[in-house]
Amino acid sequence: MRNEVSMYLAQRFRFLGNKTKFLTTICSSKTLGFSTYSKMSSKLKNAKRIEGLDSNVWIEFTKLAADPSVVNLGQGLPDISPPTYVKEELSKVAFVDNLNQYTRGFGHPSLVKALSCLYEKLYPNQIDPNKEILVTVGAYGSLFNAIQGLIDAGDEVIIMVPFYDCYEPMVRMAGATPVFIPLRSKAAGEKKWSSSDWTLDSQELESKFNSKTKAIILNTPHNPLGKVYTKEELQLIARLCIKYDALCISDEVYEWLVYTGNKHLKIATFPGMWERTVTVGSAGKTFSVTGWKLGWTIGPHHLIKHAQTVQQNTVYTCTTPLQEALAQALWIDLKRMDDPECYFNSLPKELEVKRDRMVHLLESVGLKPIVPDGGYFIIADVSSLDVDLSDMKKNEPYDYKFVKWMIKNKKLSAIPVSAFCNSETKSQFEKFVRFCFIKKDSTLDAAEEIIKTWNTQRSQRGQCVTISARRPSKDL
Amino acid sequence: MARRLQARRLEGTEHNPWVEYVKLAKEYKDSVNLGQGFPNFPPPDFALEAFQQAVTADHMLNQYTSAFGHPPLTKVLASFFGKLLGRELDPVTNVLVTVGAYGALFTAFQALVDEGDEVIIIEPFFDCYEPMTLMAGGHPVFVSLRPVRCWSPSQDQDLDSSSSWQLDATELASKFTPRTKALVLNTPNNPLGKVFSTAELQLVASLCQQHDVLCISDEVYQWLVYDTHEHVSIASLPGMWERTLTIGSAGKTFSVTGWKVGWVLGPDNIMKHLRTMHQNSVYHCATQAQAAVAQCFEREQLLFGQPSSYFVQLPRDMQRCRDHMVRSLQSVGFKPVASQGSYFLTVDISDFKSKMPDLPGAAHEPYDRCFVKWMIKNKGLAAIPVSIFYSRPHQKDFDHYLRFCFVKGEATFQAMDEKLQKWKAELEL
């Protein structure tokens, strides 16, 4: 604690018309030498709920990748432009005076109406815009509200590993116990390694459920694997939720990003599941506008009302003009869902090409990528590169060291997959690194350049692994 | 589903008084809405332009920015408020941007208030302080501001003043216990419009220091101060920076409540806990709104103290609105409590209570709520009953005040005056 006491001379600098009093520091502390901090430190400390939750992979890695000379394939942030009509709608809204004041707390009326119309196309039931939809501060806020509203101290929540990193701290902050189950891969054999090779063992999954299980968190399409859960897998989860009377929190932010041969299925549409599922969506991932920080939760009123209670005690409302622009963008696309021009169709087409390019690129240097069926990330086992990491910090997982080394020496950033694991499972995933491919071609070109040069350097040192000349194929 | 669904932390927080009054105001479309606190005139041109620029400039502003605050915004907040508070503020360690001041309050409570902690709340209070304390497992301890009548021949007997609503020093001191974690201060105060004087702040400050208590200072209306009153930030008093979180709002500062950009200023050793909470709740705030607010502050920094500063113009214009409203409401028998600051005017309706004691309402419903419903239905004016800003046990002691918002445009004032003239005519019959 600093030994610092500030002395103030009360001098009034009255600016013309200004009503705020200025006080000036005249004597900085250090010469005075006595402390108020030792007494202060005992009481002004954090609440127990955030104990141990202070470290965050993003804070650490976005700082490292912020260097403009680094090609950033780390954080899931598009560097492509959002669609023109989305930008235009926001631009139009910026000229409307009366969209600058508070709107309805649980969601701007035109937005909840648009969301209701959109999702009624995907659900068998009607969706009441006021009672069954909540607009939140991004999907992050949606998850937070759902967990705070529905998860109690002493509850257990099942989380599949790897998991989007906020699930664990949010569950812990609610005083609940996360119960982890790893996705496990079967051997890919001759075929390319696919995210669909990673599955849950049904007996193992059932063993995680008990009378204390309040919920299971599902993420499909999955970050970081890119797995798109199949009908059978969702039926298994649904059967267990019903058997153990548990809730399902379904994080479907990448719902539109599924690639050829795959279909996104909503667990809330399965028999017996609407009443026990809350489904999370994201404007950021839907329209490539992560900075708008708008998300939504859809579910039955008896669940949504608790998330709404949390909202009225946390942020109360979300930003009005952004909600209006989002509503307008949704209206445009929901009217043309079969049209190739609809962003829900055009974006996955655009990304599938980028995915395939990344797969080819990673393979070309002897890496083993797991081809994602959905989402905009691809993970690869980097251990075959056998990089010398002896200079890096000792007590960190392999992939943390690898990524930091790669940022420093190759100017390429990614995210270590063990960041998506709990402490016990980190070792199972520490050879994997996650690359984000929702990037413009010039970014991917730069990444390609780095990787090709790296490979050349390795071959010059005789380290090159046999380069496979396989081209990406669609029959994965 | 058979099991209990909601988490216990929601107990006592489900009911929100606004829902009812917002619904009523909408239902009676012809009514003049002087209830909810938001401006119904446009934001200043420079704010609209700032937002327009933020949404048409670099497309990367459509993506995530820094989690703890968009750098141009935290930079200008640190420099602007550093000058006001008389110390150098670091944009990274001393500033956190939040989803409105509401989000700032929530983040502070969750980061610092533990199960069983006591939180002193000065009544009347902005209604969210109580449920936020409860949701954090805390125990609210209330202490009331009370009108202290000073009799003097020169004073206008009809006009009480929010400055005469005071805390009793002994009573306040008695509320501090070893379990007191924080005190919530709101100056200028919503709903009274009271601007705490330096002496009053020094009383609060000395108790906070004596008992090693955190001060959460909600200063969203800091620019809305009238007459010769001055806003003082308690964090600028000796010994207080290290134990104070100062909360501000772009919405109230620039008349853009819908942007939902707020901030907290404080010492790093406390702010780091808010950062932890923030990164596990919303993580980022909307980029473009932050960029626009940064530009607004940059403009105000250049114009500070000058006649063209919004921080000079807005209070001057709102003071006129306040005075207009005071005169208009007096004409039908309301007794305004002169507001020193904020968006609000509180009026005493004791005379109405004695003349019309039995208005329709639920059993034990505080009089002011019955009156508000009657007034909206019969007189076409919407206001907010002040008892919603009191803890349940004290609501019956303060059931004879209404809160009106005067931060409204010309057309609203005209409509209000028409309704009041009609009301006055009916009284004279």
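The values are calculated or read from the model by the stated rules, or taken from the named source; none is laboratory data. Keep in mind that what you see is a predicted model, and the values were worked out from it rather than measured. When we count neighbours, we look across all protein chains shown, and the Cβ atoms used for this are built from the backbone with ideal geometry, even at glycine.
Values computed for the structure shown
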item: Selection count, the stretch A:74-115, where residues are among the basic types (Lys, Arg) and over 17 Å from A:Val289 (Cβ atoms); result: 2
item: Qualifying positions in the stretch B:6-23 - crowded, with 17+ Cβ neighbours inside 10 Å, under 22 Å from the mean Cα position of the chain (by Cα) and not aromatic (Phe, Trp, Tyr); result: B:Thr13, B:Asn16, B:Val22
item: Tally of residues being at the interface with chain B (Cβ under 7 Å from one of its Cβ atoms) and either surrounded by fewer than 24 Cβ atoms within 10 Å (Cβ to Cβ) or over 16 Å from A:Ile242 (Cα atoms) (or both) across the stretch A:277-309; result: 8
item: Qualifying residue in the stretch B:134-149 (condition: farther than 30 Å from A:Asn145 by Cβ, more than 10 Å from chain A (Cβ to nearest Cβ), modelled with pLDDT under 95 and more than 20 Å from the chain's Cα centre (by Cα)); result: yes
item: Odd one out for A:Leu73, checked against (1) touching a Leu at 6+ places or on another chain (Cβ under 7 Å); (2) under 30 Å from B:Gly137 (Cβ atoms); (3) surrounded by 23 or more Cβ atoms within 10 Å (Cβ to Cβ); result: (2)
item: Residue match in the stretch A:227-238 (condition: among the small types (Gly, Ala, Ser), surrounded by 15 or more Cβ atoms within 10 Å (Cβ to Cβ) and touching a strand residue (DSSP E or B) at 6+ places or on another chain (Cβ under 7 Å)); result: no
item: In the stretch A:50-72, the residues that are at the interface with chain B (Cβ under 10 Å from one of its Cβ atoms) and of a type in the set (Asp, Glu); result: A:Glu51, A:Asp54
item: Scan of the stretch A:189-219 for residues that are farther than 20 Å from A:Ala268 by Cα and touching a Ser or Thr at 6+ places or on another chain (Cβ under 6 Å), ordered by number; result: A:Asp197, A:Trp198
item: Qualifying residue in the stretch B:278-293 (condition: more than 9 Å from chain A (Cβ to nearest Cβ), of a type outside the set (S, T, N, Q) and in contact with a Pro (Cβ under 8 Å, 6 or more places away or on another chain)); result: yes
item: Condition check for B:Ile247: in contact with a helix residue (DSSP H, G or I) (Cβ under 8 Å, 6 or more places away or on another chain), surrounded by fewer than 24 Cβ atoms within 10 Å (Cβ to Cβ) and touching a residue at least 24 places away in the same chain (Cβ under 8 Å); result: no
item: Where B:Ala67 falls short, out of the listed (1) more than 10 Å from every other protein chain (Cβ to nearest Cβ); (2) touching a residue at least 12 places away in the same chain (Cβ under 8 Å); result: (1)
item: Failed item, numbered, when B:Phe51 is tested on (1) buried (at least 23 other Cβ atoms within 10 Å of the Cβ); (2) in contact with a helix residue (DSSP H, G or I) (Cβ under 8 Å, 6 or more places away or on another chain); (3) more than 8 Å from chain A (Cβ to nearest Cβ); result: (3)
item: Qualifying residue in the stretch B:193-201 (condition: among the basic types (Lys, Arg), more than 8 Å from every other protein chain (Cβ to nearest Cβ) and within 14 Å of B:Ser339 (Cα to Cα)); result: yes
item: The stretch B:70-80 - residue that is surrounded by 23 or more Cβ atoms within 10 Å (Cβ to Cβ) and part of a helix (DSSP H, G or I) and, of those, nearest to the other protein chains (Cβ to nearest Cβ); result: B:Leu73
item: Answer from B:Met416, B:Met375, B:Met325 - the residue that is within 30 Å of B:Pro42 (Cα to Cα), in contact with a Leu (Cβ under 8 Å, 6 or more places away or on another chain), part of a helix (DSSP H, G or I) and free of Cβ contacts under 8 Å to residues at least 60 places away in the same chain; result: B:Met375
item: Subset of the stretch A:377-395 (residues that are touching a helix residue (DSSP H, G or I) at 6+ places or on another chain (Cβ under 8 Å) and in a loop (DSSP other than H, G, I, E, B)); result: A:Val382, A:Val387, A:Leu389, A:Asp391, A:Met392, A:Lys393
item: Qualifying residue in the stretch B:24-34 (condition: within 19 Å of A:Gln308 (Cβ to Cβ), at pLDDT below 95 and either touching a Ser or Thr at 6+ places or on another chain (Cβ under 9 Å) or surrounded by 17 or more Cβ atoms within 10 Å (Cβ to Cβ) (or both)); result: no
item: Test set (1) at pLDDT below 95; (2) more than 27 Å from B:His278 (Cα to Cα); (3) crowded, with 21+ Cβ neighbours inside 10 Å - A:Glu89 fails condition number; result: (1)
item: Some residue of the stretch B:41-64 being in contact with a strand residue (DSSP E or B) (Cβ under 9 Å, 6 or more places away or on another chain) and either under 18 Å from B:Gln301 (Cα atoms) or assigned to a loop (DSSP other than H, G, I, E, B) (or both); result: no
item: Pairs, first at the interface with chain B (Cβ under 7 Å from one of its Cβ atoms) in the stretch A:73-94, second buried (at least 22 other Cβ atoms within 10 Å of the Cβ) and part of a helix (DSSP H, G or I), C-beta under 6 Å, six or more apart; result: A:Leu77/A:Thr290; A:Pro82/A:Phe287; A:Pro82/B:Asn62; A:Leu90/A:Ala325; A:Leu90/B:Val55; A:Ser91/B:Val55; A:Ala94/B:Phe51; A:Ala94/B:Val55
item: Residue tally, condition within 11 Å of chain A (Cβ to nearest Cβ), in contact (Cβ under 8 Å) with a residue 60 or more places away in the chain and among the aliphatic types (A, V, I, L, M), over the stretch B:202-236; result: 5
item: Selected residue (criterion: nearest to A:Val137 (Cα to Cα)) from residues of the stretch B:237-268 that are in contact with a strand residue (DSSP E or B) (Cβ under 7 Å, 6 or more places away or on another chain) and within 7 Å of another protein chain (Cβ to nearest Cβ); result: B:Arg243
item: When residues of the stretch A:331-368 are limited to those that are of a type in the set (A, V, I, L, M) and over 19 Å from A:Ile379 (Cα atoms), the one surrounded by the fewest Cβ atoms within 10 Å (Cβ to Cβ); result: A:Met337
item: Subset of the stretch A:240-267 [surrounded by fewer than 22 Cβ atoms within 10 Å (Cβ to Cβ), hydrophobic (A, V, I, L, M, F, W, C) and in a helix (DSSP H, G or I)]; result: A:Leu240, A:Ile242
item: Sole exception among (1) assigned to a helix (DSSP H, G or I); (2) touching a strand residue (DSSP E or B) at 6+ places or on another chain (Cβ under 9 Å); (3) at pLDDT 95 or above for B:Ser163, by number; result: (3)
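Per-residue answers, yes or no, for (1) at the interface with another protein chain (Cβ under 9 Å from one of its Cβ atoms); (2) in contact with a Phe, Trp or Tyr (Cβ under 8 Å, 6 or more places away or on another chain):
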{"site": "A:Glu120", "(1), (2)": "no, no"}
{"site": "A:Leu150", "(1), (2)": "yes, no"}
{"site": "A:Tyr164", "(1), (2)": "no, yes"}
{"site": "A:Ser195", "(1), (2)": "no, no"}
